[in-house]
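First the structure, in the form of structure tokens, and then the observations on it.
The values are calculated or read from the model by the stated rules, or taken from the named source; none is laboratory data. In this text, all values refer to a predicted model and were calculated from it rather than measured experimentally. Cβ coordinates were reconstructed from backbone atoms using ideal geometry, including for glycine residues, and neighbour counts include every protein chain displayed. Side chains included, ligands, DNA and RNA excluded: accessible areas come from the protein's heavy atoms. Shrake-Rupley method; radii C 1.70, N 1.55, O 1.52, S 1.80 Å.
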Amino acid sequence: MDFTATFLFFALFISSIQAVDPCGSRPQNKDLSVIPIYGRCSPFKPPKPESWVDTVINMASKDPARLKYLSSLVAQKTTAVPIASGQQVLSIGNYVVKVKLGTPGQVMFMVLDTSNNVAWVPCSGCTGCSATTFLPSASSSYGSLDCSLPQCNQVHGLSCLATAAAACFFNQSYGGDSSFSANLAQDSLTLANDVIPNFAFGCINSISGNSIPPQGLLGMGRGPMSLLSQSGSLYKSNIRTTPLLKSPHRPSLYYVNLTGVSVGRVRVPIPPEWLAFNPTTGAGTIIDSGTVVTRFVQPLYEAIRNEFVKHAKGPFSTIGLFDTCFEAKAEVELPSLTLHFEGLSMKLPMENTFLHTSAGSRACLAIAPAPNNVNAAMNVIANLQQQNHRILFDVANSRLGISREACN
């Protein structure tokens, strides 16, 4: 079976003038559209107005916790799951997807996470959940899963009684300060004009803490319980692809073979060990939806930055996590960044490369070094650099596709 899906990473600021309703359904469209959590198609209230660079800095404030989680992932190990996507209480805005769960479909806006393997939603009667919950009693296709079924062995923190007929119950930590308990269930899931029958997910009955996404999470990792593994073929494409690599210790992560980085026409001199994939240690490069700003290991970041400043006009200053900020009027003369993968290259457009201050007087190179408290050998291609690209995850064939597409 070909497990393939495609995601469009939309820019956070969408034009208010459209020829058609941007939030309406599009017949025959197989794309899984990814919505900025505070965009016009999202039900969540936006934070107070602020500059784009301040928005990104605030969004990226949870990146260190996210990267620490990603670098510590071990197969079948129960752990906290920090994510910078859509935590409304924390005013962090990345991406959600609109789905319909049950028969008839109940609309939910679920946080997307390409490094999580399980989906879960708050269900009616949930203690500590938000006002919007899924109503199992209103769905004719809903059913609980018991401990005898193989799906029950795929969730962490499960608790099964001696009898196999008992409901599959599990607990999971999330966001460092939160946790939830849920029953494993199945129901019809509709998204991208496709219906996935008997989709397995966690039906949350209680939570503690403030970091649980209000309408649930849609796991897009590489495990058997993720959306990709349950969906069948959602989309097929002829876009250029690069091989997906797999670590047995971090099986949910999408590792890719980053072979180099160019600044303009200059290929940055990079020792192979800064890029090499090591399935045992977790060294290498991953692509992730929950990290905001692309992070490179310290020596690799410094090599890219040093080449960039040769082409830019100083003086340079630091704004938040960005240490290469300069006069914005010089931007038109600056070189682009290109990420080279095995089999394809990803040339970043200007809006994926630079961020502007509210006054527009200064711009910043929109990449950063990996935090000191994480795996010092893992690079992360984050969602700011994925915006306005079509990202294709072909799990069955172990391929990742990337192509430029103006989504905003």
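Pairs from the list Lys62/Lys347; Lys68/Lys100; Lys62/Lys310 with a Cα-Cα gap above 29 Å: Lys68/Lys100; Lys62/Lys310. Given a 1.4 Å probe and the protein chains as shown, Thr127 ends up with an accessible area of around 90 Å². Per residue, the accessible area of region 296-365 comes to 44 Å² when a 1.4 Å probe rolls over the protein heavy atoms. Calculated on the Cα set of region 250-321, radius of gyration then Dmax: 14.2, 44 Å. Simple spin-label estimate for Ala167 and Arg404 gives 5.2 nm between the two label positions (7 Å along the Cα-to-Cβ direction from each Cα).
With 0.36 nm allotted per residue and the present C-alpha distance subtracted, the Glu333-Thr132 stretch has 67.5 nm of extension available. When peptides 202-209, 300-307 are ranked by their average number of other Cβ atoms within 10 Å per residue, the highest-first order is 202-209, 300-307.
Taking 0.36 nm per residue of separation and subtracting the Cα-Cα distance, full extension of the segment from Asn278 to Leu344 would add 21.7 nm. Taking θ as phi - 60° and the Karplus parameters 6.51, -1.76 and 1.60, the scalar couplings of region 293-309 work out to 10, 4, 10, 10, 4, 3, x, 5, 4, 5, 5, 5, 4, 4, 5, 5, 5 Hz in sequence order, x denoting glycine and proline.
Less than 5 angstrom separates the built amide H of His389 from those of Phe9, Glu405, all sequence-distant by 5 or more or on a different chain. Counting only heavy atoms of the protein chains and using a 1.4 Å probe, Lys68 has close to 110 Å² of accessible surface. Projected onto its three principal axes, the C-alpha set of region 241-404 covers 46, 31, 28 Å, listed from the longest axis down.
Roughly to the nearest percent, how much of the accessible area of region 241-404 is carbon and sulfur, given a 1.4 Å probe? On region 241-404, the fraction of accessible area on carbon and sulfur atoms equals 53 percent. Of the GluC sites (Glu not before Pro) found in region 333-367, those in coil by DSSP whose Cβ has at most 13 other Cβ atoms within 10 Å are Glu342.
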